[in-house]
Amino acid sequence: MLTPDDLEFLRRPLHGFLTVADGPVRPVWFEATDDGTIQLFTPRESPKVRRLKNDPRASIIVAAPVGERERWVSVSGRVTVEPDGAHELAARLAERYWDLEDPAHAGELAGIQTLDLVRLVIRPEKVGRYLM
């Protein structure tokens, strides 16, 4: 359901805004995969994981930054909580979003890597998009 243009856009270092049932909107790092899923990482004991156990639906919206032509992609679907791959995902995303030559960012990544992380995978059921 994600088009090649959607995937190209979603592979940029943009923030997504994630919503899970009964939860607030949260800015997140994310990765669009070749198979058309969206994945992110979070601590195993985070409130969003608890909420997803009760209702596995989520949505994420990603918008172009100020100064660019208006564009957004939204993805809604069921989420699975995967016990593997979260630390590797965190490392890939940190490299995408941060300059890891900066000792502060490298230290933050090292701290993230000490956490008990899980990988959240959104399987799109509905995709919306807008390009002005």
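A few notes on this one:
- Restricting the stretch 115-132 to residues that are open to solvent by 30 Å² or more (accessible area, probe 1.4 Å) and within 13 Å of PHE41 (Cβ to Cβ), the residue that is nearest to the chain's Cα centre (by Cα): ARG119
- Filtering the stretch 1-25 to residues that are under 26 Å from GLY111 (Cα atoms), out of contact with any helix residue (DSSP H, G or I) (no Cβ under 7 Å at 6 or more places or on another chain) and without any contact (Cβ under 8 Å) to a residue 40 or more places away in the chain leaves ARG11, ARG12, PRO24, VAL25.
- Checked across the stretch 57-65, the condition of being more than 23 Å from ARG96 (Cα to Cα), touching a helix residue (DSSP H, G or I) at 6+ places or on another chain (Cβ under 9 Å), open to solvent by less than 20 Å² (accessible area, probe 1.4 Å) and modelled with pLDDT of 95 or more holds for at least one residue.
- When the stretch 44-78 is filtered for residues that are within 11 Å of VAL118 (Cβ to Cβ) and either aliphatic (A, V, I, L, M) or touching a residue at least 40 places away in the same chain (Cβ under 8 Å) (or both), the ones remaining, listed by number, are ARG44, GLU45, LYS48, VAL49, LEU52.
- Filtering the stretch 3-32 to residues that are open to solvent by less than 20 Å² (accessible area, probe 1.4 Å) and under 12 Å from the mean Cα position of the chain (by Cα) leaves LEU10, LEU14, GLY16, LEU18, VAL28, PHE30, ALA32.
- Among the strands (runs of 3 or more DSSP E) confined to the stretch 1-113, the ones with at least 2 residues that are farther than 20 Å from GLU125 by Cα are located at 26-28, 38-43.
- Residue match in the stretch 36-43 (condition: free of Cβ contacts under 8 Å to residues at least 60 places away in the same chain and open to solvent by 40 Å² or more (accessible area, probe 1.4 Å)): no
The values are calculated or read from the model by the stated rules, or taken from the named source; none is laboratory data. These numbers were taken from a predicted model, which means no experiment stands behind them. Cβ coordinates were reconstructed from backbone atoms using ideal geometry, including for glycine residues, and neighbour counts include every protein chain displayed. Note: accessible area is taken over every heavy atom of the protein model, side chains too, but ligands, DNA and RNA are not part of it. Shrake-Rupley method; radii C 1.70, N 1.55, O 1.52, S 1.80 Å.
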